[in-house]
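The values are calculated or read from the model by the stated rules, or taken from the named source; none is laboratory data. Keep in mind it's a predicted model, so treat the numbers as computed, not measured. Glycine also receives a Cβ, built like all others from the backbone with ideal geometry; neighbour counts cover every protein chain displayed. All accessible areas refer to the heavy atoms of the entire protein, side chains included, with ligands and DNA or RNA removed. Shrake-Rupley method; radii C 1.70, N 1.55, O 1.52, S 1.80 Å.
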Amino acid sequence: MKKKISDWWTYHRRIVVLGLAAAAFAVYAAVSFGEEEKTQLLAGMLINQVREEAVTDQMEAEFLGGIGGDPETEEVFVDAALTMDAQELQKEAIFDLDTQESMAKLTTCVYAHELDFLIAETAVFDYYQNLNAFADLNGLLTNEQREALEDVLCTADGKAYGVRMDNTEFIKKYDITLDEPVIGIISGSKRKDAAVKLIAYLFSAEE
């Protein structure tokens, strides 16, 4: 009997293995395609503050709730894996590979209109401000919002391009150690209204 089983397996194992693989793929496909893709309400980057996925998941859930999103059908994405050397950004030629890769990813997302907000230390933030990366908050915030944030707005040439986050609960809760962190809305964002809601949420505890 053992020999018969051994012989059967020898001649049929390829068919069995292929069959199991096909069945597994069919189950995977059914589950994957059966799930409805969530609508992304916002996408942002947190520079120079690398966090584990569990932490960014918590941030995303908090941001989603803060702007009134539905966790069943909507989502917010936060990329906290990018690093940039602020001193390198001041040079004509940048040789730091991590900085190069992070800049390339950020630039790609901006040009693809897939990035809505950026949180970074002032030195990095100002580098992108000089490239006109951020929308003027004067035209996005309501008068009431602007008055509430007047003391923490970052301005240049009559424009408000960011909001200092030093004393926000977000900075304390996630132990953000950035030097003078600032949040701004990307000028090419197609979801500026949702980004304004996020800023209002982040600073609501400070009002």
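A few points about this structure:
- Sorted into 10 angstrom bins from 0, the C-alpha pair distances of segment 148-207 split as 21, 54, 25, 0 percent.
- Packing-based ranking, highest mean first, of 75-87, 116-128 given that Cβ atoms within 10 Å are counted: 116-128, 75-87
- Taken over segment 28-141, the convex hull of the Cα atoms encloses 145 Å³ per residue.
- For Glu180, solvent-accessible area (1.4 Å; no DNA, RNA or ligand), Å²: 90 Å²
- Sorting Lys172, Lys38 on solvent-accessible area from highest to lowest, probe radius 1.4 Å, gives Lys172, Lys38.
- Pairs of Cα atoms in segment 103-207 fall into 10 Å distance bins, from 0 up to the last occupied one, in shares of 15, 50, 32, 2 percent.
- Label separation (Asp179 vs Lys105): 2.3 nm, computed from points 7 Å beyond Cα along the C-beta direction.
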